[in-house]
1. Quick check on this structure: which one of Leu73, Leu85, Leu103, Leu44 is at pLDDT below 95 and in contact with a Lys or Arg (Cβ under 6 Å, 6 or more places away or on another chain)?
2. Quick one: which residue in Val78, Val57 is of a type in the set (A, V, I, L, M), in a loop (DSSP other than H, G, I, E, B) and under 21 Å from the mean Cα position of the chain (by Cα)?
3. So, in segment 26-70, exactly how many residues are within 30 Å of Tyr102 (Cβ to Cβ), in contact (Cβ under 8 Å) with a residue 12 or more places away in the chain and not polar (S, T, N, Q)?
4. For segment 78-90, how many residues meet the condition of being surrounded by fewer than 10 Cβ atoms within 10 Å (Cβ to Cβ) and not polar (S, T, N, Q)?
5. Among residues belonging to segment 81-111 that are in a loop (DSSP other than H, G, I, E, B) and among the hydroxyl-bearing types (Ser, Thr, Tyr), point out the one that is nearest to the chain's Cα centre (by Cα).
6. When Leu73 is evaluated against the numbered criteria (1) under 22 Å from the mean Cα position of the chain (by Cα); (2) surrounded by 10 or more Cβ atoms within 10 Å (Cβ to Cβ); (3) not in a helix (DSSP H, G or I), which criterion, by number, is the only one it fails?
Amino acid sequence: MALLRGDLFARMRDWLKGSLGHADYSASIIAEQWDAFLAELKQLHEQEAEFTSTREVTRNIEGSGAANWARRLRTEPVTGESDTLLPTNWKEAWQWSHQRGYLQAIDEVSV
């Protein structure tokens with residue numbers, strides 16, 4: 001069986017290593033914590049469609065030449081009311097950058 005990775009799985013493994021068989025933890029405390037882990041796992045599973053969409057969109061962004069932006073979109077959570085990695089004028093900025101790149105490319109060819 002493949003080792004599951006990620007913050008939740010690391011926390012689950014660490015907690016189990018430190019609590020199972022430990023005299024300070026009763027069966028009810030262990031069961032309660034395990035149920036909390038399972039609830040968090042269920043919540044993540046319910047968001048699978050959003051994770052899939054994020055992977056597909058960032059794969060397209062990376063394929064379009066913005067690998068650093070794609071990586072940041074995949075790994076940096078939104079911490080405020082607005083997403084600093086996706087400003088409201090992102091489409092305009094993307095088109096401007098694309099047009100600038102095109103003009104630079106044709107300028108180099110015509111020299």
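The values are calculated or read from the model by the stated rules, or taken from the named source; none is laboratory data. Because the structure is predicted, anything quoted here is derived from the model rather than measured. Methodologically, a virtual Cβ is constructed for each residue, glycine included, from the backbone with ideal geometry; neighbour enumeration extends over all protein chains shown.
1. Just one listed residue meets the conditions, Leu85.
2. Answer to the check: Val78.
3. The number of residues fulfilling the criteria is 5.
4. The total comes to 2.
5. Result: Thr84.
6. Every listed condition holds for Leu73 apart from (3).
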